[in-house]
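**Student:** Below is the structure I would like to discuss, written out as structure tokens.
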């Protein structure tokens, strides 16, 4: 299934504040994985942003769960850069009072 309204997906500041932030207490591990596996850092985050937005439109979404906050979806996609190739997990939510997906988390995974 496609992510509902994937063309309207919002990334917010999740990459800067968390997933690619080398000083965030929890995000630094994700930032290290992105740097090591794909060469992606805050300085070239546009590469990841474009891949996430493309995955939101054309990737295969899996309904993860529905709760009081909204409906959660996961999309796994393969990403390649000059540094390497890996599978990236992107997590999205469509909040109860909204009709578009928001990125909640993303990180490289072991297939």
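The values are calculated or read from the model by the stated rules, or taken from the named source; none is laboratory data. All values derive from a computational prediction rather than experimental measurement. When we count neighbours, we look across all protein chains shown, and the Cβ atoms used for this are built from the backbone with ideal geometry, even at glycine.
**Student:** Any idea which residue in region 63-84 is nearest to the chain's Cα centre (by Cα), counting only those that are assigned to a strand (DSSP E or B) and within 16 Å of residue 50 (Cβ to Cβ)?
**Tutor:** Per the criteria, the residue is 75.
**Student:** Determine which member of the set 69, 64 is in contact with a strand residue (DSSP E or B) (Cβ under 7 Å, 6 or more places away or on another chain), modelled with pLDDT under 95 and surrounded by fewer than 16 Cβ atoms within 10 Å (Cβ to Cβ).
**Tutor:** Criteria check complete, one pass: 64.
**Student:** Count, please, the residues in region 88-111 that happen to be over 11 Å from the mean Cα position of the chain (by Cα), assigned to a strand (DSSP E or B) and under 13 Å from residue 37 (Cβ atoms).
**Tutor:** Looking only at that region, the number is 1.
**Student:** Among (1) surrounded by 13 or more Cβ atoms within 10 Å (Cβ to Cβ); (2) in contact with a helix residue (DSSP H, G or I) (Cβ under 9 Å, 6 or more places away or on another chain), where does residue 74 come up short?
**Tutor:** Going through (1) surrounded by 13 or more Cβ atoms within 10 Å (Cβ to Cβ); (2) in contact with a helix residue (DSSP H, G or I) (Cβ under 9 Å, 6 or more places away or on another chain) one by one, residue 74 breaks only (2).
**Student:** Let me ask something else. Looking for something more than 20 Å from residue 17 (Cβ to Cβ), at pLDDT 95 or above, surrounded by 12 or more Cβ atoms within 10 Å (Cβ to Cβ) and touching a helix residue (DSSP H, G or I) at 6+ places or on another chain (Cβ under 9 Å) - is there at least one such residue anywhere in region 94-101?
**Tutor:** No, the conditions are met nowhere in region 94-101.
**Student:** So, in region 75-111, how many residues would count as being under 20 Å from residue 2 (Cβ atoms) and either touching a residue at least 60 places away in the same chain (Cβ under 8 Å) or out of contact with any strand residue (DSSP E or B) (no Cβ under 7 Å at 6 or more places or on another chain) (or both)?
**Tutor:** 12
**Student:** Go through region 5-21 residue by residue and tally those that are outside any helix (DSSP H, G or I), exposed (fewer than 15 other Cβ atoms within 10 Å of the Cβ) and touching a residue at least 40 places away in the same chain (Cβ under 8 Å).
**Tutor:** Total satisfying the criteria: 3.
**Student:** Further, regarding this structure: I'm trying to understand the selection: among the residues of region 22-52, which are assigned to a loop (DSSP other than H, G, I, E, B) and surrounded by fewer than 19 Cβ atoms within 10 Å (Cβ to Cβ)?
**Tutor:** Across region 22-52, the qualifying residues are 22, 23, 24, 25, 26, 39, 41, 45.
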